Amino acid sequence: MRDPKEHGFRWVDIKQLRFSAEPVDDEGLLAALIGHEQFRDDYAVGGVLPDGPPHGPYWLGSITPDLYAPISQEKAVQILREWAAPLRDVPTGLEADLQREVFARVAAADGIYYLNELGDEAVHDWGRVHDCFHEFVLVDRAAGRITLIVAADD
């Protein structure tokens, strides 16, 4: 019998944003991302809320560029594989989708940033609806693009 508290669905949300050709450092790109309307997504019931204060499980005001840690491609893949691990044997179709939509993007990135867990004071009222919430920002300078990848559950 399945534990009723066990989360049954894992999903990935991907948002891509273009940035100008003007030279901007990665911290500036992260700040621009945090300020973008598409960042105001609660990843639960409301989706993108242009005036909303949450971002995932956190209060938007709690997130700053310095909270994103640069990580290697190998570490990003490890985190994502561990997140998918409860699926045990990932079905072939899903594995192909993850490879094409997630892992290929990770492999192509010039820089990868991971939002570390911010702690209880940053979590909004119903922010613990997700057991797992992993957020990556991929910088692809050649394409002039940043990609926000959220892997979570519900």
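Numerical summary
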{"read-out": "In the range 88-101, the residues that are of a type in the set (Asp, Glu), surrounded by 12 or more Cβ atoms within 10 Å (Cβ to Cβ) and modelled with pLDDT under 85", "value": "95"}
{"read-out": "Filter pass, residue 140 being touching a strand residue (DSSP E or B) at 6+ places or on another chain (Cβ under 8 Å), surrounded by fewer than 12 Cβ atoms within 10 Å (Cβ to Cβ), modelled with pLDDT of 85 or more and not small (Gly, Ala, Ser)", "value": "no"}
{"read-out": "Unique residue being open to solvent by 30 Å² or more (accessible area, probe 1.4 Å), modelled with pLDDT of 90 or more and among the hydrophobic types (A, V, I, L, M, F, W, C) when the list is 109, 104, 85", "value": "104"}
{"read-out": "Subset tally (residues that are basic (Lys, Arg) and either in contact with a Leu (Cβ under 7 Å, 6 or more places away or on another chain) or part of a strand (DSSP E or B) (or both)) for the range 129-154", "value": "1"}
{"read-out": "Residue in the range 36-43 that is at negative phi, out of contact with any strand residue (DSSP E or B) (no Cβ under 7 Å at 6 or more places or on another chain) and surrounded by fewer than 14 Cβ atoms within 10 Å (Cβ to Cβ) present", "value": "no"}
{"read-out": "Odd one out for residue 75, checked against (1) among the basic types (Lys, Arg); (2) farther than 14 Å from residue 134 by Cα; (3) at pLDDT 85 or above", "value": "(2)"}
{"read-out": "Lone unmet requirement of (1) among the charged types (D, E, K, R); (2) in contact with a Gly (Cβ under 6 Å, 6 or more places away or on another chain); (3) open to solvent by less than 30 Å² (accessible area, probe 1.4 Å) for residue 26", "value": "(3)"}
{"read-out": "Count - residues of the range 38-59 that are among the charged types (D, E, K, R) and either at pLDDT below 80 or closer than 16 Å to residue 145 by Cα (or both)", "value": "1"}
{"read-out": "When residues of the range 4-23 are limited to those that are open to solvent by 40 Å² or more (accessible area, probe 1.4 Å) and closer than 14 Å to residue 135 by Cβ, the one modelled with the highest pLDDT", "value": "14"}
{"read-out": "Subset tally (residues that are within 15 Å of residue 133 (Cα to Cα), assigned to a helix (DSSP H, G or I) and of a type in the set (Gly, Ala, Ser)) for the range 36-67", "value": "0"}
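A quick yes/no check of all residues on (1) outside any helix (DSSP H, G or I); (2) within 17 Å of the chain's Cα centre (by Cα); (3) on the phi > 0 side of the Ramachandran plot:
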position: 74; (1), (2), (3): no, yes, no
position: 83; (1), (2), (3): no, yes, no
position: 99; (1), (2), (3): no, yes, no
position: 117; (1), (2), (3): yes, yes, no
position: 121; (1), (2), (3): no, no, no
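The values are calculated or read from the model by the stated rules, or taken from the named source; none is laboratory data. Bear in mind that the values here come from a model prediction, so they are computed numbers and not experimental data. Positions of Cβ are backbone-derived with ideal geometry, glycine not excepted, and every protein chain shown enters the neighbour counts. For accessibility, only protein heavy atoms count, side chains too; no ligands or nucleic acids. Shrake-Rupley method; radii C 1.70, N 1.55, O 1.52, S 1.80 Å.
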